[in-house]
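The values are calculated or read from the model by the stated rules, or taken from the named source; none is laboratory data. What you are looking at is a predicted structure, and each value in this text was computed from that prediction instead of being measured. Note that we place each Cβ from the backbone using ideal geometry, even for glycine, and neighbour counts take in every protein chain shown. Please note that ligands, DNA and RNA were not included when accessible areas were found on the heavy atoms of the full protein model with its side chains. Shrake-Rupley method; radii C 1.70, N 1.55, O 1.52, S 1.80 Å.
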Amino acid sequence: MKVLTVVGARPQFVKACMLSKALRSNNETDEIIVHTGQHYDDNMSAVFFEQLNIPEPDYYLGIGSGTHGEQTGNMLPALEKVMISVNPDAVLVYGDTNSTLAGSLAASKLHIPIAHIESGLRSFNRRMPEEINRIVSDHLSNWLFCPSQAAIENLKKEGINKQVYLTGDIMYDAVLYFKSHASQQSTILKELGLSESNYYLSTIHRAENIENPERLKSILEAFQQLNKQVVFPLHPGTKNKINEFGLNDLITASHIKLADPLNYFDMLALASNANVILTDSGGLQKEAYMLQVPCVTLRDETEWSETVETGWNHLAGANREEIADQVMECHAPDESPPIFGDGNAAQQIARILVND
Ligand code: UD1
């Protein structure tokens, strides 16, 4: 079986890494990797390929940044050309980025079966670009690999019930596989002068937060009120917006530790030792749960409803007081049921793809 994997943005490299290992561990599949170039800075892309030992992409499309229409639109003819030339039996797409949408659209027009990994997630907020990307990709896909039971239910409600598989979350595979390696290899705590369980970790990059000056300001003001150091690795898009809106003064306090985007091992090491994670990232909300670290989500809703229901994740939106209170009050619940499966999602997905 010949599969064409489409990746482009940081979280997709982590997910694809695990399935790529599983697919390449048997001789029945031939995997060709296309990188759209949605994320292009070395610390957003190359470092992940190197560290996670992902095979070099066979095709690099170099699409880069742009408006959603531009970015997605520019990907389409480039992906179509590769798909026609490779003529795969299936196209694999991951998550909810513009690269996922373009990969699904290009494949569906060429009648190539699509496998969507991390299918069925819904925030029920169609103003999020990611929500549109997931809905379209799910409805175009032939195999829908769901990380959780809630995802299966979401698809059922939209009338999708064929070829829907509950495999667990592929990011959980990655956390289990790399966690101890990350804690041995990473020196980030030392570099930043941090001691274990004595800091908060925060990331922000969602359009709803960074493109809205009031929300961004309010979140950064909440950081000022926190009673421990806040490690804040800056996504390039967030850095641009902080400059554009003149909010730099809000990140100069001595307890706010700015960092460039982190590699996967440093991120895992920092996340596992944090007291609380504050984020608007979907992936980091899950990783917090997997690493048993409480999370405060800087959004008004989440796709990862089980993390909230189990008491590990708290929605604080962008409200300054709410964020500060939640972060300083939240604590780890006693139990963390296996809502993301058993860490064998990639093996299951590979088996289903090959045998189907
Ligand atoms: C994208 C995904 C989001 C995912 C996130 C992970 C979409 C709609 N969003 O958001 O689902 O959670 O990736 O990071 O696909 N930039 C750089 N260097 C880079 C990459 C981006 O400077 O290597 C800057 C550019 O100014 C760009 C901005 O970041 O305009 C946003 O990048 P983009 O790829 O549009 O979306 P993300 O916010 O990264």
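Can you tell me which of (1) assigned to a helix (DSSP H, G or I); (2) open to solvent by less than 20 Å² (accessible area, probe 1.4 Å); (3) within 25 Å of Q326 (Cα to Cα); (4) not aliphatic (A, V, I, L, M) is the one Q224 doesn't meet?
(2)
Given the criterion more than 28 Å from H116 (Cα to Cα), among the polar types (S, T, N, Q) and either open to solvent by 20 Å² or more (accessible area, probe 1.4 Å) or without any contact (Cβ under 8 Å) to a residue 60 or more places away in the chain (or both), identify the matching residue among N273, N313.
Going through N273, N313 in turn, just one is more than 28 Å from H116 (Cα to Cα), among the polar types (S, T, N, Q) and either open to solvent by 20 Å² or more (accessible area, probe 1.4 Å) or without any contact (Cβ under 8 Å) to a residue 60 or more places away in the chain (or both): N273.
Restricting segment 17-50 to residues that are among the aliphatic types (A, V, I, L, M), open to solvent by less than 10 Å² (accessible area, probe 1.4 Å) and within 16 Å of the ligand (Cβ to nearest atom), which is nearest to M267 (Cα to Cα)?
M44
Consider only pairs whose beta carbons are under 6 Å apart and that are at least six residues apart or on different chains; among these, list those whose first residue lies in segment 59-85 and is assigned to a loop (DSSP other than H, G, I, E, B) and whose second residue is of a type outside the set (A, V, I, L, M, F, W, C).
L61/T36; L61/G37; G62/G37; I63/T36; I63/G37; I63/N74; G64/G37; G64/Y40
Would you pick out the residues in segment 227-245 that are among the β-branched types (V, I, T) and either surrounded by fewer than 17 Cβ atoms within 10 Å (Cβ to Cβ) or more than 11 Å from the ligand (Cβ to nearest atom) (or both)? Break it down into steps so the answer makes sense when it comes.
Taking segment 227-245 and keeping what is among the β-branched types (V, I, T), we get 230-231, 238, 242.
Passing the criteria: V230, V231, I242.
Restricting the search to segment 150-164, which residues are open to solvent by 50 Å² or more (accessible area, probe 1.4 Å) and at pLDDT 95 or above?
If the condition is that a residue be open to solvent by 50 Å² or more (accessible area, probe 1.4 Å) and at pLDDT 95 or above, then E153, K156, K157, E158, G159, Q163 are the ones that fit.
Among the listed residues S108, S85, S65, identify the single one that is away from the ligand (no atom under 15 Å from the Cβ), over 17 Å from the mean Cα position of the chain (by Cα) and open to solvent by 60 Å² or more (accessible area, probe 1.4 Å).
None of the other options fit; the residue is S85.
So is E196 more than 24 Å from F13 (Cβ to Cβ) and modelled with pLDDT of 95 or more or not?
No, not satisfied.
Mind counting the residues in segment 150-180 that are assigned to a helix (DSSP H, G or I) and without any contact (Cβ under 8 Å) to a residue 60 or more places away in the chain?
Residues meeting the conditions: 8.
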